[in-house]
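The values are calculated or read from the model by the stated rules, or taken from the named source; none is laboratory data. What you are looking at is a predicted structure, and each value in this text was computed from that prediction instead of being measured. Using ideal geometry, Cβ is built from the backbone for each residue, glycine included, and neighbour counts are taken over all protein chains shown.
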Amino acid sequence: MIQRELCQRVLRRAASTGADYAELFAEHTVNHTVHMIDAKVDAVNDAVVAGVGIRVFKGLRSVSASTVDTSETGLMRCADAAAAALGEGTAEIDIVLHERSFGDVHPVQIVPSSVPNARKIAILKDAYFAASDYDEAISQVSGTLMDVDHKILIANSEGLYTQDRQIRTRLAITAIAEKNGETQTGTCSPGRRMGLEMFDSVINPQSVGREAARQAMVMASAGYCPAGVMPVAIGNGFGGVIFHEACGHSLEASSVALGMSEFSGKLGEKIANEKVTAIDDGTIPNAWGSINIDDEGTPSQRNVLIENGVLKSYMIDKMGGRRMNMAPTGSARRQSYAYTTTSRMTNTYIANGEDKNEDIIASMEYGLFAKAMGGGSVNPATGEFNFSVQEGYMVRNGKIAEPVRGASLVGKGSEIIQKIDMVGSDMDMGQGMCGSSSGSVPTNVGQPLIRVSSITVGGR
């Protein structure tokens, strides 16, 4: 995107007022979406994001600037703005860039941009009509097929000059069921770091539609969940959003380095039940949250965060590493050039345990089975969270009983991971977009079926 020699000149200009580190991040991203509602294609959209972000460090000071003008004049102007904002002295570093390639473990067989819209529409229609035809109680369906082609270039004063290309595809179906004047929603939205071959080998579009409709139908027949403190079994896959939000954000350097996390200064300490091992791994081939390199050019890696209940590591970006005197872990991410990079998750999950799923359910005389989780919120400083349950069932006498709706899980991350006392072996992942100070980025969340011995359940 930008020639190496020009990057060198821009970085030298950015560092000219005494920076000890300078970085250039360039991107060209094409977002393509096809949307259906009311049994017809409602919109086909393309959006392009292109620009450059420049960042300089001086000790623990950081200054960022960005521009959409990628001409030499525009880049120099942006570099001057960053240098002037830092404004602490004169240049002390010589910058010579060397191109590096970190390889690609996420092969793409069918690049979405090379495929006519007719094929994408056909895939979306397969999913859409599988949902709408599921039952006469399905009153409305909407669907979106999205593909992203994200190209980045990173150059920095440490001599790095490298590029990467990230292609992702995702299908999302939402179905609404109406029974006895009540309406309930079901969703299914799988995605991968793949092209359209995802629908040939991994994801069946019709299955996506049927799953969204099934969930809506189940919840339309459900009564309200009773409130109280009780044991809860949380399903695999997207159930991992509990750990992601309640604990994962508190293990990012963006909060740990500032002492704003409940887990700051606790490396080597037991913070969870010994059955809990939690990992953030950006190297899983073709996984939704995977990256070859992070947005600072550090190779992605498998970071064991918690091992048998003991805190082993954090997720660290360059500035967080400076504050903590620790090496980056390949965890720096940003939505686009216009955001400042910070530490973020990739594919974060609780690893498989040794408990059997049937034993987990059988262990509960009375409780809740949260088969599918919805959205929620968390305060990283305290770990306090509140999450909705998308699909839930009461458990009575060790057996899954009637479906219930309106359930929510309320608690504190540091307490909940101590109460995970059973961990199954059917680990799966669910896809999402995680929002934080550096914008919205694709992340996987995952876990096997787990049991929390005691948690507050909101309901009626």
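Remarks
- For region 347-389, filtering for residues that are under 22 Å from Ile316 (Cβ atoms) and touching an Asp or Glu at 6+ places or on another chain (Cβ under 6 Å) leaves 4.
- For Gly223: the one exception among (1) buried (at least 23 other Cβ atoms within 10 Å of the Cβ); (2) over 24 Å from Met427 (Cβ atoms): (1)
- Put simply, of Arg460, Arg451 the only residue that is over 21 Å from the mean Cα position of the chain (by Cα), among the basic types (Lys, Arg) and more than 24 Å from Val310 (Cβ to Cβ) is Arg460.
- Residues of region 47-60 include at least one that is aromatic (Phe, Trp, Tyr), outside any loop (DSSP other than H, G, I, E, B) and under 30 Å from Gly289 (Cβ atoms).
- Every condition in (1) without any contact (Cβ under 8 Å) to a residue 24 or more places away in the chain; (2) touching a strand residue (DSSP E or B) at 6+ places or on another chain (Cβ under 8 Å) holds for Met429 except the one numbered (1).
- Every residue from region 1-32 that is surrounded by fewer than 18 Cβ atoms within 10 Å (Cβ to Cβ) and under 26 Å from the mean Cα position of the chain (by Cα): His28, Val30, Asn31
- Test: residue in region 35-43 that is within 25 Å of Asp164 (Cα to Cα) and among the acidic types (Asp, Glu): no
- Selection of region 92-128 for residues being outside any loop (DSSP other than H, G, I, E, B), aliphatic (A, V, I, L, M) and surrounded by 11 or more Cβ atoms within 10 Å (Cβ to Cβ) yields Ile121, Ala122, Ile123, Leu124, Ala127.
- Criterion applied to Met422, Met429 was being in a strand (DSSP E or B), modelled with pLDDT of 95 or more, more than 24 Å from the chain's Cα centre (by Cα) and of a type outside the set (Gly, Ala, Ser), and the one residue passing it is Met422.
- Matching residues in region 129-141 - criterion: being buried (at least 18 other Cβ atoms within 10 Å of the Cβ) and assigned to a strand (DSSP E or B): Ile138, Val141
- Enumeration of residues in region 243-275 that are farther than 25 Å from Ser408 by Cα and β-branched (Val, Ile, Thr): Val256
- Any hit, region 355-374, residues being of a type in the set (Val, Ile, Thr) and within 24 Å of the chain's Cα centre (by Cα): no
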